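This report concerns only the one structure given below.
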Amino acid sequence: MSAKGRIAIVGAGLSGAVIGRALAADGYSVEIFDSRSHIGGNCHTERDADTGVMVHVYGPHIFHTDDDEVWDYVNRFATFMPYKNRVKTTSQGQVFSLPVNLHTINQFFGKTLRPDEARAFLETQADTAITDPQTFEEQALRFVGRDLYEAFFKGYTQKQWGCSPTALPASILKRLPVRFNYDDNYFFHKHQGMPENGYTDLVRGILDQPGITLHLETVFHRSQKDAFDHVFYSGPLDGYFDYENGQLGYRTLDFERFTYDGDYQGCAVMNYGDVSVPYTRITEHKHFSPWETHQGSVCYREFSRECGPEDIPYYPIRLVEEKQQLAAYVRRAEAEKAITFVGRLGTYRYLDMDVTIREALDTARLFLDRRRADAAMPVFLHSPV
């Protein structure tokens, strides 16, 4: 055993891999536990044996960031290929580009507006009587008006979150969801790409560090905590406490996988805005690797629903009814010693991959600094409440 101490990390996804590598490189003995049979968490990828397509097993993950250090970090362990996410949506019998941009506006309204004209036109569509939007619907009506809202946001949001947009906070629609130019790049970050050989290969590279022992298909229970000097827990916060205060609200995803001989939809992501279509989108995975050529295709129809006890949690709901329950779990966690909750599930926050890696790097550095100073490590670097 390392003289520096024995560390347990729960979860072999991005959080666990990044923290584990940093601590093992500093001389700690690191054991990583994951209940699944593979590394990579929800960004796990694998090649389909029949078509050769790299499949995003738990749904598509696209890397995008403005964080130079994070971009340099992932490029140490994988070759990232250029990739721009250009999403389409089928709504009311037509195909449009997303996010809503000048082409979308002109196509939808049958016009040829220039940027300034489009801004002025949309202001005539907007509900200017709404001065302080409180709900998702109010936010959308104030900024894009009823026609665009019902075509592109209402049905999709209702399917994704399982409730009316009138019940969702305005904060979900953080930015004005319109571009007054013809830019259809879904993201706006300066670094965008895909690992050439998939995300599991990236995580494997991060984990390739002496001092790390990996335990797959192994559930870590809090009764094991005292056997380690410190635990980093990236599993569900409520799951750590055996859901004793009830299960926090999540949405989960079901995937209806199908194959196609040829090119099924001509793009990686096709949303379906009409509420009459039960799925939210279809993803065609070979288009996530445009540098490869495959005759066959692997597609997923994606359905969103409430997460049950045996389901994989994807998106924290964080509505009003969760706040009191979440606060109870946070109080219990803060009473614990020698454990730090990290990542999307451990802090009950939606995190993009780059933010997950940034927080993992910061967590590892703080731990090493605190250990050198003989100071305690916080239970949360980023509080869930």
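Label sites at Arg365 and Ala327, each approximated as a point 7 angstrom past Cα along Cα to Cβ, lie 3.3 nm apart.
In this structure, the amide hydrogen of Val10, modeled 1.01 Å from its nitrogen in the peptide plane, lies closer than 5 angstrom to those of Phe33, Phe232, Tyr233, Ser234, counting only residues at least 5 positions away or on a different chain. Treating each Cα of segment 129-286 as an identical point scatterer and summing with the Debye formula, the log10 of I(q)/I(0) at q = 0.10, 0.15, 0.19 Å⁻¹ comes to -0.66, -1.16, -1.29. If you wrap segment 258-385 in the convex hull of its Cα atoms and look at it from every side, the mean projected area works out to 11.8 nm².
Would you look at the GNM of the chain, springs on alpha carbons closer than 10 Å, and say which of Phe63, Phe255, Phe288 moves the most? Looking only at Phe63, Phe255, Phe288, the biggest GNM fluctuation is shown by Phe255.
Evaluating 6.51 cos²θ - 1.76 cosθ + 1.60 at θ = phi - 60° for every residue in segment 368-385, the Karplus couplings come out as 5, 5, 5, 5, 5, 8, 6, 10, 6, 8, x, 6, 10, 7, 10, 5, x, 10 Hz, glycine and proline recorded as x. So which of Lys111/Lys190; Lys174/Lys286; Lys111/Lys174; Lys154/Lys174; Lys88/Lys154 end up more than 21 Å apart by C-alpha? Distance filter (> 21 Å) returns Lys111/Lys190; Lys174/Lys286; Lys111/Lys174.
Since only Tyr199, Phe153, Ile130 are under comparison, the one whose Cα sits farthest along the positive direction of the charge dipole of the chain, derived from C-beta charges on Lys, Arg, Asp and Glu, is Ile130. Here Thr293 sits with roughly 130 square angstrom of accessible surface, probe radius 1.4 Å. The phi torsions of segment 335-343, fed into the Karplus equation with coefficients 6.51, -1.76 and 1.60 and a -60° offset, translate into couplings of 7, 7, 10, 6, 8, 10, 8, 9, x Hz, rounded to whole numbers, with Gly and Pro shown as x.
Asp132: net charge of surrounding residues, Cβ under 15 Å, Lys/Arg +1, Asp/Glu -1, itself excluded?
Numbers: positive: Arg142; negative: Asp127, Glu137, Glu138.
With Lys, Arg at +1 and Asp, Glu at -1, the neighbours total -2.
In terms of overall dimensions, the C-alpha atoms belonging to segment 81-189 reach 36, 35, 31 Å along their principal axes, ordered largest to smallest.
The Cβ shell under 11 Å around Thr213 holds other residues with a net charge of 0, Lys and Arg each +1, Asp and Glu each -1. Given a 1.4 Å probe and the protein chains as shown, Met54 ends up with an accessible area of around 20 Å².
Just to confirm a number: summing +1 for Lys and Arg and -1 for Asp and Glu over residues other than Asp354 whose beta-carbon lies under 9 angstrom from that of Asp354, what do you get? Residues near Asp354 contribute -2 overall.
Using θ = phi - 60° in the Karplus curve 6.51 cos²θ - 1.76 cosθ + 1.60, the 3J(HN,Hα) couplings for segment 179-195 round to 10, 9, 8, 9, 6, 10, 6, 4, 9, 10, 7, 6, 10, 9, x, 9, x Hz; x is entered for Gly and Pro.
Taken over segment 154-210, the ratio of Cα radius of gyration to 2.2 N^0.38 Å equals 1.78. If you take the alpha carbon atoms of segment 279-332 and fit the smallest convex hull around them, that volume is 147 Å³ per residue.
Averaging Cα coordinates gives a centre for segment 217-246 and one for segment 17-41; these two points are 15 Å apart.
Which whole-number value in Å² is the accessible area per residue of the chain, probe 1.4 Å? Present the calculation step by step, with values, prior to reporting the outcome.
On the way: 17330 Å² over 385 residues.
Roughly 45 Å² per residue, with all protein chains present.
Over the Cα atoms of segment 1-141, each weighted equally, I'd like the Debye log10 I(q)/I(0) at q = 0.08 Å⁻¹, rounded to two decimals. Reported log10 I(q)/I(0), two decimals: -0.47. Measuring with a 1.4 angstrom probe and ignoring ligands and nucleic acids, His61 comes out at about 40 Å² accessible.
Calculated on the Cα set of segment 1-81, radius of gyration then Dmax: 15.2, 49 Å. Within the chain, antiparallel bridges make up roughly 60 percent of the DSSP beta bridges whose residues both belong there. Global dimensions of segment 235-332 from alpha-carbon coordinates: Rg and Dmax equal 18.1, 54 Å.
The values are calculated or read from the model by the stated rules, or taken from the named source; none is laboratory data. Computed from a predicted model, the values in this text were never measured in an experiment. Every residue, glycine among them, receives a Cβ derived from its backbone with ideal geometry; neighbour counts consider all protein chains shown. Surface accessibility is based on the protein's heavy atoms, side chains included, excluding ligands, DNA and RNA. Shrake-Rupley method; radii C 1.70, N 1.55, O 1.52, S 1.80 Å.
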